[in-house]
Amino acid sequence: MIKHKFLLTIYIFFGVVLYVNAQSNMINSIDTLSKAYKNNKTKKKNKILPVALPVTEPAVGVGLVGGLIYFIQKKDSLEKADMIGGAAGITTNGTWFAGGGYTGYWKNDKIRYTGASGYGSVTLDYYGLGPDHPITFEQNIFFFSQEMKFRMGESNFFLGGKYSLSKITVPQDITESTEINPEDFEFWNSGVSLISEFDNLNNSLSPTKGLKFHMSYTQNLELFGSNRDWGKLIFYSHLYFQVDEKWISAFRVESNVSSGSPPFYAYPYVNLRGIPALRYQGRFTALAETQQTYNFLPRWGVVGFAGIGTAIRSVEDFDNNQFVWNAGGGARYLLMKDLGLKIGVDAARGPEDWAFYVIIGSAW
């Protein structure tokens, strides 16, 4: 389905761009694509879909992503299709990437497998553990990941694990920042993750009802080839409910905690619309956001959203912790009624500036 392919492509991109901060965005998006994809009961041909999408992430500028997605249909037309995808893209700040992945839904969706790999050059601003003096730096990124999740009986609970490997090279000298360890300029990350999820959303692309809960812990280990031992705990929850036939209320909470000695770009950051990636980093981040959608016509709606977040350096230095906010609005159009896919645009304001986003499916 078109939406799925869109999302797969764009998340391959962000998986490369923001890999070291990944909350398994690429993995979740590939899952989203397959969940929503319904095989035609009478047409069992495998399908190829080309895609081209704009990039509007403030951290990397404006750009374009293009790629192909190949759907592998099952003998049983009601089963989710496996997918193979590849994508490449470029943005105005010099960022570029190429990557691909495969997702498989096996044993009647009892087992979900995803593998991905890619390479790119990503230009970002590093604000350190305080945002006053940003440093622009380039990263040459190679990554490889393997993930498998298992459904618990007939429930909506999943347990699983992931192995991820990446090499990130910072070619220029940015040692003027005393917070940066020179060892971070050429760094191997190699680690394993434990994953738990609950998901009963009524639609995986543009949900209107239900709950998704995710918790995972990733530990990079010298034993597996990582330059240092470090880890990250990731939690998020998305709740949707319908106030009435036209009004949909949604809430999101998220928290990340780092442990050990991560490279400077891998510390958690506040992930809100209107705030560029890596803008506010700390050892611990937490945020809450609400989005209200009002559908004034069968296919058209407007959204308003607002949130708060914090990036905490340490308990000892609590007075210097960073508390930030966002607010904004946008429009949504129901592009594919049978699949429930919405597209739209958002304008968001953070503490410093405005940002604009092209939204395909859910903004979260």
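Structure data summary
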| item | result |
| --- | --- |
| Answer residue from the range 173-189, given it is of a type outside the set (V, I, T) and over 25 Å from the mean Cα position of the chain (by Cα) and is modelled with the lowest pLDDT among those | S177 |
| Residue check for L272: buried (at least 17 other Cβ atoms within 10 Å of the Cβ) and assigned to a loop (DSSP other than H, G, I, E, B) | yes |
| Residue within the range 67-76 that is touching a Ser or Thr at 6+ places or on another chain (Cβ under 8 Å) and modelled with pLDDT of 85 or more present | yes |
| Count of residues meeting criterion [more than 19 Å from P298 (Cα to Cα), surrounded by 18 or more Cβ atoms within 10 Å (Cβ to Cβ) and of a type in the set (G, A, S)] in the range 338-354 | 2 |
| From Y267, Y280, residue being in contact with a Ser or Thr (Cβ under 7 Å, 6 or more places away or on another chain) and closer than 23 Å to E138 by Cα | Y267 |
| In the range 290-337, the residues that are of a type in the set (D, E, K, R), surrounded by 13 or more Cβ atoms within 10 Å (Cβ to Cβ) and modelled with pLDDT under 90 | R313 |
| Candidate set from the range 44-73 (those that are touching a residue at least 60 places away in the same chain (Cβ under 8 Å) and part of a loop (DSSP other than H, G, I, E, B)); member that is surrounded by the fewest Cβ atoms within 10 Å (Cβ to Cβ) | T56 |
| Failed condition for Y357, given (1) aromatic (F, W, Y); (2) under 20 Å from the mean Cα position of the chain (by Cα); (3) surrounded by fewer than 18 Cβ atoms within 10 Å (Cβ to Cβ) | (3) |
| Test: Y265 is in contact with an Asp or Glu (Cβ under 9 Å, 6 or more places away or on another chain), surrounded by 20 or more Cβ atoms within 10 Å (Cβ to Cβ), among the aromatic types (F, W, Y) and under 30 Å from L53 (Cβ atoms) | yes |
| Looking only at the range 77-87, and only at residues there that are outside any strand (DSSP E or B) and of a type in the set (A, V, I, L, M), the one that is modelled with the lowest pLDDT | L78 |
| Candidate set from the range 121-152 (those that are of a type in the set (G, A, S) and modelled with pLDDT under 95); member that is surrounded by the fewest Cβ atoms within 10 Å (Cβ to Cβ) | G130 |
| Selected residue (criterion: farthest from V55 (Cα to Cα)) from residues of the range 272-283 that are within 18 Å of the chain's Cα centre (by Cα) and either among the hydrophobic types (A, V, I, L, M, F, W, C) or at pLDDT below 95 (or both) | Q281 |
| Any hit, the range 219-234, residues being crowded, with 17+ Cβ neighbours inside 10 Å, modelled with pLDDT of 95 or more and among the aromatic types (F, W, Y) | yes |
| Residue within the range 280-294 that is under 26 Å from W188 (Cα atoms) and in contact with a helix residue (DSSP H, G or I) (Cβ under 9 Å, 6 or more places away or on another chain) present | yes |
| Subset of the range 190-215 that is under 19 Å from K162 (Cα atoms) and out of contact with any Lys or Arg (no Cβ under 8 Å at 6 or more places or on another chain) - its residue that is surrounded by the most Cβ atoms within 10 Å (Cβ to Cβ) | G191 |
| Residue in the range 247-269 that is over 17 Å from P134 (Cα atoms), of a type in the set (K, R) and part of a loop (DSSP other than H, G, I, E, B) present | no |
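The values are calculated or read from the model by the stated rules, or taken from the named source; none is laboratory data. Source: prediction; values computed, not measured. FYI the Cβ positions are ideal-geometry reconstructions off the backbone, even for glycines, and counts take in every protein chain you see.
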